[in-house]
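For reference, the structure is listed below as structure tokens.
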Amino acid sequence: MLNQYETVFIATPVLSEAQMKETVKKFKSVITGQGGKIVHEENWGLRKLAYPIQKKSTGFYYLVEFKAEGSLIEKLETEFRRDERIIRFLTFRMDKYAIEYAEKKRRLKKEIKDENKVEE
């Protein structure tokens, strides 16, 4: 039985766009390489941190929602810890309510986007 997870990681702000894409690709391949399936992803971009981390006040935020075996999480988090580009990460298992909420939020976002296209 695959569980659904959401992971958000923050990469150091000194990365170029190409380096950030490479970082995202690496962690997505860790997920898919271990039999995980990516459901959704969002690039939240450069944001101000709530408090300085490693003397940095901003970071690149990235969210990945995926389905995987529980054993994958340990491997993924080990990779986050080993990678000096990652300054923070958080992964949690989504219950059915969190999954429904995330799907509803995406649907609403898409509807608003579609409505805006119609108005143009």
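Take the residues of the stretch 77-113 that are aliphatic (A, V, I, L, M) and loosely packed, with under 14 Cβ neighbours inside 10 Å: which is nearest to Ile53 (Cα to Cα)?
Ranking the qualifying residues of the stretch 77-113, first place goes to Leu90.
If you go through the stretch 35-58, how many residues are open to solvent by 50 Å² or more (accessible area, probe 1.4 Å), touching a strand residue (DSSP E or B) at 6+ places or on another chain (Cβ under 9 Å) and assigned to a strand (DSSP E or B)?
Number satisfying all stated conditions: 11.
Have a look at Thr78, Thr91 and point out the one that is of a type outside the set (D, E, K, R) and over 26 Å from Lys109 (Cβ atoms).
Thr78
If the Cβ limit is 6 Å and pairs must be 6+ apart or interchain, which residue in the stretch 92-115 that is at negative phi pairs with which residue that is open to solvent by less than 100 Å² (accessible area, probe 1.4 Å) and part of a helix (DSSP H, G or I)?
Taking only residues 6 or more apart or on different chains, not a single pair turns up.
Every residue in the stretch 59-72 that is out of contact with any Gly (no Cβ under 8 Å at 6 or more places or on another chain) and either crowded, with 19+ Cβ neighbours inside 10 Å or modelled with pLDDT under 95 (or both), please.
Listed by number, the residues that qualify are Gly59, Tyr62, Val64, Glu65, Gly70, Ser71.
Just give me the residues in the stretch 36-59 being of a type in the set (A, V, I, L, M, F, W, C) and either farther than 20 Å from Thr91 by Cα or touching a Pro at 6+ places or on another chain (Cβ under 8 Å) (or both), in sequence order.
Leu46
Considering only residues that are under 15 Å from Glu42 (Cβ atoms) and of a type in the set (Lys, Arg), which ones fall in the stretch 105-120?
Those that are under 15 Å from Glu42 (Cβ atoms) and of a type in the set (Lys, Arg): Lys105, Arg106, Arg107, Lys109, Lys110, Lys113.
Can we say Arg81 is in a helix (DSSP H, G or I), at pLDDT 95 or above and among the basic types (Lys, Arg)?
Considered against the rule, which asks whether it is in a helix (DSSP H, G or I), at pLDDT 95 or above and among the basic types (Lys, Arg), Arg81 comes out as yes.
Within the stretch 4-34, how many residues are assigned to a strand (DSSP E or B) and either of a type in the set (A, V, I, L, M) or more than 16 Å from the chain's Cα centre (by Cα) (or both)?
Number satisfying all stated conditions: 3.
The values are calculated or read from the model by the stated rules, or taken from the named source; none is laboratory data. Remember, it's a predicted structure, so these values are computed and weren't measured experimentally. No Cβ is skipped: glycine too gets one built from the backbone with ideal geometry, and neighbour counts run over all protein chains shown. The accessibility values were calculated without ligands, DNA or RNA, using every heavy atom of the protein model including side chains. Shrake-Rupley method; radii C 1.70, N 1.55, O 1.52, S 1.80 Å.
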